[in-house]
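Student: Handing you a structure now.
Quick note: the coordinates plus some simple rules give every number you see, no bench work behind them. Everything quoted here is computed from the prediction, not taken from an experiment. Cβ placement follows ideal geometry from the backbone for every residue including glycine, while neighbour counts extend to all protein chains displayed.
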Amino acid sequence: MDFKGWWWRGHYRCEPLTVRDEYSRYLLELRAVPDARTETLQRSFERLFERHGLPGAIRSDNGSPFASRSAVYGLSRLSAWWVALGIDLERGRPGHPQDNGAHERLHRDIRLELESLGPRISQDGLELWRQAFNEQRPQEALGMRCPSQLYHSSSRKYQGPIEELIYPRMANRGINRHGQMSWENELYFLSTSLAGWSLGLKDNSEGRIEVWFARLLLGWIDPASASFFGANIRPPKKNKTELKKRNYKDYSVTDVLTQKCYRCSDRTFLLPTAYCPLSPLAPPRAHKQRKR
């Protein structure tokens, strides 16, 4: 999913939201939304989920409102809602549109065939183009079949808005409007993107407190220093020599959000227990070893 670059439609900007099924290339949505606010897009996705069910994952770029650069795991208010619904997040590399090349090819067709119509295009016209794309255009990547011949709705039904997240066998804590959580008389800032949601907390074997949001491990609370460490940032070790003993050359892969590591071929481990030696999270020494 993504926004097609805008063009003028009379005195207004037309910036269609495009949502496509990755496997069948079926175009689920082509809608000129009035703005890119979270509330506007959430209403659009609620209609999509009601018609087609919940997807297993949603792929997007790293821009707003799909992601937030300052939040843990880049969670925005919109993507936090997706995680709460049990949807995994996939993101391409910043500045690399080729990571979602098929979707960019779709945008090229829209630019050539619809953008030139300018103010004459309406939402009904966008819908007619979407139907023709799905039902009348065979694609070579699909064995010269149309997307409608391969697409089927998800078996996971959308049950409506989530009132509260429940964490069995965990302590429950809410996030206030400032993005803070209270634990043992201390306030910990996590992210304003999670305001209003509840989190689950439990002890781990290292003496830290794990902080969970739905199925996603956000990070850890260190009671000794009264600090929160995001899971996308390696927490400090009690024994500093552990980092020297660890062989990062054996590690490689994706993270909890199922982001793919595009720099190496082995994709069998998950962060934060393993780090790709070619990622920015790995120590500089690992980069030198791989280059040899």
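Student: Listing Cys146, Cys14 from the residue with the fewest other Cβ atoms within 10 Å to the one with the most, what is the order? Let's see the in-between values first.
Tutor: Working: Cys146 19, Cys14 22.
Going from sparsest to densest Cβ surroundings: Cys146, Cys14.
Student: Would you mind getting me the FRET efficiency between Asn176 and Arg137? Use the beta-carbon distance for r and R0 = 35 Å, nearest 0.05.
Tutor: On the way: r = 49 Å, r/R0 = 1.41.
In this case the efficiency is close to 0.10.
Student: Okay, moving on. Quick check: Cα centre of region 186-236 to Cα centre of region 53-69, how many Å?
Tutor: 22 Å
Student: Could you tell me which of rounded, prolate or oblate describes region 1-110, using a ≥ b ≥ c as the square roots of the eigenvalues of the alpha-carbon gyration tensor, with rounded for a/c under 1.5 and, failing that, prolate when a/b is larger than b/c and oblate otherwise? Each step should come with its number before you reach the end.
Tutor: On the way: a/c = 1.26, a/b = 1.24, b/c = 1.01.
In terms of gyration-tensor shape, rounded.
Student: Now for a separate question. Starting with the fewest neighbours, write out Tyr151, Tyr73 ranked by other beta-carbon atoms found within 10 Å of each beta-carbon. Could the numbers behind the result be given before it?
Tutor: Numbers: Tyr151 16, Tyr73 26.
Lowest count first: Tyr151, Tyr73.
Student: Which of rounded, prolate, oblate describes region 1-47, given a ≥ b ≥ c as roots of the alpha-carbon gyration tensor eigenvalues and a/c under 1.5 marking rounded, otherwise prolate only if a/b is larger than b/c? Don't skip to the end; give the middle numbers.
Tutor: Working: a/c = 2.74, a/b = 1.44, b/c = 1.90.
Oblate is the answer for region 1-47, as a/c is 1.5 or above yet b/c matches or exceeds a/b.
Student: Enumerate the whole-percent occupancy of each 10 Å bin, from 0 to the last occupied one, for all C-alpha pair distances of region 171-230.
Tutor: Spelled out bin by bin, region 171-230 gives 24, 63, 13, 0 percent.
Student: Quick one: order Arg91, Arg111 by neighbouring beta-carbon count within 10 Å, fewest to most. Could you put the intermediate results ahead of the total?
Tutor: Values: Arg91 23, Arg111 13.
Placing the least packed residue first, the sequence is Arg111, Arg91.
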